[in-house]
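Have a look at the structure below, then the notes.
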Amino acid sequence: MTGLTELLASGIVQRVLLGAAILGAISGLLGAFAVLRRQSLLGDALAHAALPGVCLGFLIAGARDLGSILLGAFATGALAALCMMVIVRRTTLKTDAALGIVLSVFFGVGVVLLTHVQAQGGAASAGLGSFLFGQAAAILPGDLWLMGAIGLVSLALVLALWKEMKLVSFDPGFASAQGLPVTAIEALMTVMVALAIVVGLQLVGVVLMVALLIAPAAAARQWTRSLGGMVALSAGIGAASGAGGALVSASTRGLATGPVVVLIASAVVLISVLVAPGRGILWQALAARRARARIGDGRVLAALHGLAAAHDDAGYATERGMLAAALGGSPPAARFAALERRGLIRSVMHPPETTPHWELTEAGHAEAASLSGRPDTADRGAP
């Protein structure tokens, strides 16, 4: 506990921790809409498209000025988004093809510009490579104010246009029929994603930013069925992943903050995919197992009920071999034990035979009748 207190007392750690939490919250908030619009690759394309803007901002400013670099990144990101919209609307190519083209072209231009800048020499240009994977320790108090301002603006826009963004995300065709400016709303949502990416360049970098944008939303999608719950949970997961990654990185020598943040967010996605109620893989496997057990139990009950009805005797004792013939195979002993524990069947003796026999209880007859959808007629021969 003392070590953690000393760690949190560091001004650099405090800035990185707060910056990572703010960035995670912004990314989770806006990434939820990208996931719902099935444009997860959009964040990847915009993040990679920011690299040439980083280099152009440096070349124009003549120094490693963060404001110029981020403005250049935002400009090329917005240009990439515009190019994607033009390709989709003016050609027969689909969205995924347009995203792939824009991503590869802009990132290729960015790598060429980065190589050119670094070849010119100078201490300032050497630090541009950090925008590929981020450099959290370089965050300044002014950067935190910028992150906070963008976060508040994003939250205000989401709250002000909640109904419109919700409708466009789920059914853009219906939104257009209702007279909403779908193109303008989609452009605004894309610009907001670009802003989040630009803010995250210094912390996570262009390569890993898409993971922080998509992972919290993908995890939140597993746990909730409402848009409001998904957006709020996504922002919370993003903030927690950012803060957790910053703490792990600060407490362990040699670990970069950005990749650790992404790994924590990815771990949350993995856990969510596995155990989320209703949608998790393990949950679905358990539900499937229970369904198979219900089907097997129902077949045994239906066979016992049918035999009792055929013999006009509700207490007709059925031998296991007879059940095997009726069902096309012998049910496992565990199934009989489970049905007996539930009070649906009971084991009886049938002298002079010594093999096990079972008969339905009154509850078993009612259960079998409800499964078949027919009224219970087996008790006509009951004493």
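The values are calculated or read from the model by the stated rules, or taken from the named source; none is laboratory data. Predicted model, so just to flag it, every value in this text is computed and none were measured. Here the Cβ is made from the backbone with ideal geometry for all residues, glycine too, and neighbour counts use every protein chain on show.
Tabulated data
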item: Single condition residue 187 does not satisfy, out of (1) part of a helix (DSSP H, G or I); (2) surrounded by fewer than 18 Cβ atoms within 10 Å (Cβ to Cβ); (3) within 19 Å of the chain's Cα centre (by Cα); result: (3)
item: Criterion violated by residue 321 - all others in (1) within 30 Å of residue 202 (Cβ to Cβ); (2) outside any loop (DSSP other than H, G, I, E, B); (3) small (Gly, Ala, Ser) satisfied; result: (1)
item: Any hit, region 60-73, residues being at pLDDT below 85, among the aliphatic types (A, V, I, L, M) and within 28 Å of the chain's Cα centre (by Cα); result: no
item: Condition met for residue 339 (closer than 13 Å to residue 358 by Cα and part of a helix (DSSP H, G or I)); result: yes
item: Residues of region 8-28 satisfying the condition of being outside any helix (DSSP H, G or I) and not polar (S, T, N, Q); result: 9
item: Odd one out for residue 279, checked against (1) surrounded by 18 or more Cβ atoms within 10 Å (Cβ to Cβ); (2) closer than 30 Å to residue 159 by Cβ; (3) in contact with a helix residue (DSSP H, G or I) (Cβ under 6 Å, 6 or more places away or on another chain); result: (1)
item: Residue match in region 291-300 (condition: charged (D, E, K, R), loosely packed, with under 13 Cβ neighbours inside 10 Å, at pLDDT below 90 and within 30 Å of residue 17 (Cα to Cα)); result: no
item: Top-ranked residue in region 292-307 [being over 38 Å from the mean Cα position of the chain (by Cα) and aliphatic (A, V, I, L, M); ranked as nearest to residue 335 (Cα to Cα)]; result: 300
item: Only listed residue being at negative phi, in contact with a helix residue (DSSP H, G or I) (Cβ under 7 Å, 6 or more places away or on another chain) and surrounded by fewer than 24 Cβ atoms within 10 Å (Cβ to Cβ), chosen from 248, 210; result: 248
item: Residues being among the hydrophobic types (A, V, I, L, M, F, W, C) and either at pLDDT below 75 or not assigned by TED's automatic domain parsing to the domain that holds residue 83 (or both) - total across region 107-133; result: 7
item: Test result for residue 273, in a helix (DSSP H, G or I), in contact (Cβ under 8 Å) with a residue 60 or more places away in the chain and crowded, with 16+ Cβ neighbours inside 10 Å; result: no
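To keep it simple, each residue is scored yes or no on (1) touching a strand residue (DSSP E or B) at 6+ places or on another chain (Cβ under 7 Å); (2) under 30 Å from residue 230 (Cβ atoms); (3) at pLDDT 85 or above.
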| residue | (1), (2), (3) |
| --- | --- |
| 266 | no, yes, yes |
| 276 | no, yes, yes |
| 285 | no, yes, yes |
| 329 | no, no, no |
| 332 | no, no, no |
| 355 | yes, no, no |
| 372 | no, no, no |
